[in-house]
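Colleague: Below is a structure I'd like to ask you about.
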Number of protein chains: 2
Amino acid sequence: MSKPVTPSDPSIFYSCHIFVCCNRRPDGHRRGSCAAKGSEGLRDYMKARMKELQVPQSRVNSAGCMERCEFGPAMVIYPEGVWYRPATTEDVEEIIQTHILGGGRVARLMLTENDVLPPKA
Amino acid sequence: MSKPVTPSDPSIFYSCHIFVCCNRRPDGHRRGSCAAKGSEGLRDYMKARMKELQVPQSRVNSAGCMERCEFGPAMVIYPEGVWYRPATTEDVEEIIQTHILGGGRVARLMLTENDVLPPKA
C-alpha cells in the first residue's frame with residue numbers, strides 16, 4: 001500500500017531506527033508478552049551500547065505490542081524492516097556489531113515470514 | 001550504517017508500520033511532549049480507522065520519545081521513513097487517505113530535514 005521513498009521525500013531522519021516491543025501482559029496470559037520475556041532489559045542494554053558507540057543517525061525506541069509476541073522478545077530495525085528475537089544481551093551485542101555496525105545479518109536471531117500467528121479460532 | 005533490504009531478507013512484515021510518539025512529560029516541561037499535544041487521541045483514531053478500513057499488512061504502534069518533540073505530535077511511517085505532525089483527527093484522516101491508501105504525500109503535515117533540535121547548550 002505505502003509507497004517507497006520518493007525523490008521528493010526528506011532524507012531519512014534515522015538511518016537506524018530500532019523499535020523494541022515492551023508490551024507486558026499479566027503473568028499467565030496465554031500469549032505471553034515481550035516484556036515478560038525480558039525485553040525491557042534488552043532495550044536498556046541496546047540504548048546504552050548505541051550511546052557508548054555513538055552510532056550516528058540512530059535511535060532505540062520502546063514500542064507497544066507489535067503482534068509478534070509468540071516469537072518475542074521482538075524488535076524491528078527500520079528502514080530495512082528486519083526483525084530479531086534476541087534472548088540475551090549477548091544476542092543484542094551481536095545484532096549491534098553484525099547488523100548495525102557491520103551491515104550484515106544475524107540469521108539465527110531473525111524472524112522470518114513463517115513466524116506468524118495462527119488464524120484466530 | 002544499516003544496510004537496505006537485501007535479497008536474502010524476509011519479505012517486509014508490515015508494509016505500513018506506523019509509530020506514534022506517546023511520550024508524556026510533566027506539564028510545564030520546557031520541551032513539551034507529544035502526549036501533551038494530544039498524540040494519544042490521534043493514535044486511537046488512527047488505530048480505529050485502519051481497522052475499519054482493513055488496511056492489509058499494517059500496524060499502528062505507540063512509541064516512546066522519538067526526539068522530535070518540539071515538532072510533534074510526531075509520527076513516522078515505515079519502511080519509507082516519512083514523518084508527520086498531525087494536529088487533529090482530520091489531519092490523521094488525510095494522511096490515511098492520501099499517503100497510506102493513495103501512495104501520495106501530505107506535504108503540509110510532513111516533517112522535513114529542517115525540523116531538528118538546536119544543539120544542546
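The values are calculated or read from the model by the stated rules, or taken from the named source; none is laboratory data. Bear in mind that the values here come from a model prediction, so they are computed numbers and not experimental data. Please note: Cβ atoms are built from the backbone with ideal geometry, for glycine as well, and neighbour counts cover all protein chains shown. Heads up: the accessible areas ignore ligands, DNA and RNA and are worked out on the full protein's heavy atoms, side chains in. Shrake-Rupley method; radii C 1.70, N 1.55, O 1.52, S 1.80 Å.
Colleague: Give segment B:82-96 a look and list any residue that's open to solvent by 10 Å² or more (accessible area, probe 1.4 Å), part of a loop (DSSP other than H, G, I, E, B) and not polar (S, T, N, Q), or say none.
Modeller: Across segment B:82-96, the qualifying residues are B:ARG85, B:ALA87.
Colleague: Residues being modelled with pLDDT of 90 or more and among the charged types (D, E, K, R): count how many of those fall in segment B:1-24.
Modeller: Residues meeting the conditions: 2.
Colleague: Sticking with this structure for a sec: Just to check your reading of the model, which residue among A:VAL55, A:VAL76, A:VAL20 is within 11 Å of chain B (Cβ to nearest Cβ) and open to solvent by 10 Å² or more (accessible area, probe 1.4 Å)?
Modeller: Just one listed residue meets the conditions, A:VAL55.
Colleague: While we're looking at this one, here's another question. Hey, among the residues in segment A:104-115 that are free of Cβ contacts under 8 Å to residues at least 24 places away in the same chain and open to solvent by 10 Å² or more (accessible area, probe 1.4 Å), which one's farthest from A:TYR14 (Cα to Cα)?
Modeller: Among those residues, the one meeting the criterion is A:ASN114.
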